[in-house]
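So the structure is just underneath, and the comments pick up after that.
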Amino acid sequence: MNRRALLLAPLGVALLAGGGFWEMLAGMRKGTFNPRGVPSPLIGKRIPAFSLPGFSDTDLVTGKPLLVNFFASWCVPCVEEHPVLMDLKEQNIPVWGIAYKDKPAATDMFIARHGDPYFRLARDEPGRVAIDWGTTGVPETFLVDGQGIIRWHFALPLTPETVDEELMPLWRKVA
């Protein structure tokens, strides 16, 4: 009996995973699927301690709000997001960039090609800092208040709608 159960266990796991995938697809069809359904556990908490070439956690405690944007030159959604970051720069909203698992030359070429929206730029080549921030990929953006507390997290490319509907109302509250 134990042997039969052991042989059927992978089938049970596959059925559960398939059911979850089916539910996700159904939610996408209905427009109810939320890819950010798991909120960041760091909301309301101090930014993780880190030190990277470019800046460290203590540099982010400026007395004024700022955005921290994890990105990479190899990330297609990061290219899509980039004009939104350039617009934020024009609005004098400081965006601090962290290049995730990217070679310095590739990051430099990306910025030369698309423009530099970043107030300051750091490099997280091994990706350890991104793990501490709880990122699941790139691009991801965090709103940090003047005391270094994370107030908002967005795990998709920023869009003008997201900026207008979600980010700016929070920005005005913490500014």
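For residue 103, list the aspartates and glutamates whose Cα falls under 15 Å from its own Cα; do not include residues on the same chain fewer than 8 positions away. The reachable aspartates and glutamates, counting only those whose Cα sits under 15 Å from residue 103, are 124, 125. Near residue 119, the amide H atoms lying under 5 Å from its own belong to 95, 96, 97; only residues 5 or more places off or on other chains count, and H is placed 1.01 Å from N.
Only aspartates and glutamates eight or more places from residue 89 in sequence, or on another chain, were considered; those with a Cα closer than 15 Å are 81, 116, 164. Using R0 = 30 Å, the C-beta based FRET efficiency linking residue 114 and residue 147 works out to 0.40. Partners of residue 45 within straight-line reach, counting lysines whose Cα lies under 19 Å from its Cα and excluding those fewer than 8 residues away in the same chain: 64, 173. Here the Karplus relation 6.51 cos²θ - 1.76 cosθ + 1.60, evaluated at θ = phi - 60°, turns the backbone of region 146-161 into coupling constants of x, 9, x, 9, 6, 10, 7, 9, 10, 9, 9, x, 5, 10, x, 5 Hz, with x for every Gly and Pro.
No value in this document is a laboratory result; all are computed from the given coordinates. Because the structure is a prediction, the values reported are computed rather than measured. In this analysis, Cβ positions are derived from the backbone assuming ideal geometry, glycine residues included, and neighbour counts consider all displayed protein chains.
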